[in-house]
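Structure, as structure tokens:
The values are calculated or read from the model by the stated rules, or taken from the named source; none is laboratory data. Note that the coordinates shown come from a computational prediction; the quantities given were computed from them, not determined experimentally. All Cβ positions, even for glycine, are placed from backbone atoms using ideal geometry, and neighbour counts span all protein chains on display. For accessibility, only protein heavy atoms count, side chains too; no ligands or nucleic acids. Shrake-Rupley method; radii C 1.70, N 1.55, O 1.52, S 1.80 Å.
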Amino acid sequence: MLFGVSIALMLEAGLGLSPWDVFHQGLAERSGLRFGWVVIGVSIVVLLLWIPLRVRPGIGTVSNVVLVGLTADAAVAVLPEPEHLAARAAFLAVGIVGNGLATALYVGAGLGPGPRDGLMTGLAGRGHSIRVARTSIEVAVLAAGWLLGGTVGAGTVLYAVSIGPIVHVLLPRLTVPGRSPAPATSERS
């Protein structure tokens, strides 16, 4: 749920979104569907891409598919739209940090990757480097989202350069002892 709230904060800031959310926003604007429903729909499509990659979902995966989009929509409905740049910047900063915290919490729980993370690790399990798989996916969805009208801005750049370090610091502290934060695939590489 924290992941959905963090997305809503970045949406309300209007200063740029994560690459996937640029894509989700662009699709929502083009389709007329609510942002959260697009998040859920894209999650389901991405899960279908897991089948040939032999990635297994967990309860965390299913929770991610359902809760992130619904929570994002609910939070957007109750959050104020900040007008002043300082308030918008604060929404963005809290959104990015909250997103990093939410990522570390769900990955550290070891209950299954989110749909987008499972796609990345599934590709990596087939011989592609994590760096190439993740970068290729992020660049592709960012470009598609921008072409669809999603918000790309300073917040997109700030998200890109800060999310990795935030998760890097928080993940070891939030990983449940005895659980591997790495998503499970049916074949180990």
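Against the condition basic (Lys, Arg) and crowded, with 16+ Cβ neighbours inside 10 Å, how does residue 126 come out, does it pass? Quick ask: steps written out before the conclusion?
Numbers: basic (Lys, Arg): yes; crowded, with 16+ Cβ neighbours inside 10 Å: no.
Here the answer is no, as residue 126 does not meet what is asked.
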Test: residue 150 is closer than 29 Å to residue 51 by Cα, part of a loop (DSSP other than H, G, I, E, B) and open to solvent by less than 50 Å² (accessible area, probe 1.4 Å): yes
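What helices (runs of 4 or more DSSP H) completely inside segment 1-93 contain at least 2 residues that are among the acidic types (Asp, Glu)? Explain how you work it out, then say what you get.
Numbers: elements: 2-13, 19-31, 35-53, 59-78.
Filter on segment 1-93 gives 19-31.
For segment 59-82, which positions are aliphatic (A, V, I, L, M) and in contact (Cβ under 8 Å) with a residue 60 or more places away in the chain? Talk me through it step by step, then tell me what you get.
So the first thing to find is which residues in segment 59-82 are aliphatic (A, V, I, L, M), and the list is 59, 62, 65-68, 70, 72, 74-79.
67, 68, 70, 72, 74, 75, 76, 79 - these are the residues of segment 59-82 that are aliphatic (A, V, I, L, M) and in contact (Cβ under 8 Å) with a residue 60 or more places away in the chain.
Does segment 39-59 contain any residue that is farther than 30 Å from residue 126 by Cα and either of a type in the set (D, E, K, R) or in contact with a helix residue (DSSP H, G or I) (Cβ under 7 Å, 6 or more places away or on another chain) (or both)?
no
Right, residue 88: basic (Lys, Arg) and either at pLDDT 95 or above or closer than 15 Å to residue 6 by Cβ (or both) or not? Step through it out loud before you land on a result.
Values: basic (Lys, Arg): yes; either at pLDDT 95 or above or closer than 15 Å to residue 6 by Cβ (or both): yes.
So residue 88 passes the test.
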Meets criteria (surrounded by fewer than 16 Cβ atoms within 10 Å (Cβ to Cβ), in contact (Cβ under 8 Å) with a residue 40 or more places away in the chain and assigned to a helix (DSSP H, G or I)) for residue 144: yes
Subset of segment 129-138 that is within 25 Å of residue 66 (Cα to Cα) and surrounded by fewer than 19 Cβ atoms within 10 Å (Cβ to Cβ) - its residue that is farthest from the chain's Cα centre (by Cα): 137
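Considering only residues that are small (Gly, Ala, Ser) and open to solvent by less than 40 Å² (accessible area, probe 1.4 Å), which ones fall in segment 88-122? I'd like the intermediate steps shown before the answer.
Applying the first criterion (small (Gly, Ala, Ser)) to segment 88-122 yields 89-90, 93, 95, 98, 100, 102, 104, 108-110, 112, 114, 118, 122.
Passing the criteria: 95, 98, 100, 102, 104, 108, 109, 110, 112, 114, 118, 122.
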Residues of segment 5-52 satisfying the condition of being at pLDDT 95 or above, among the aromatic types (Phe, Trp, Tyr) and either open to solvent by less than 10 Å² (accessible area, probe 1.4 Å) or over 13 Å from residue 144 (Cβ atoms) (or both): 35, 37
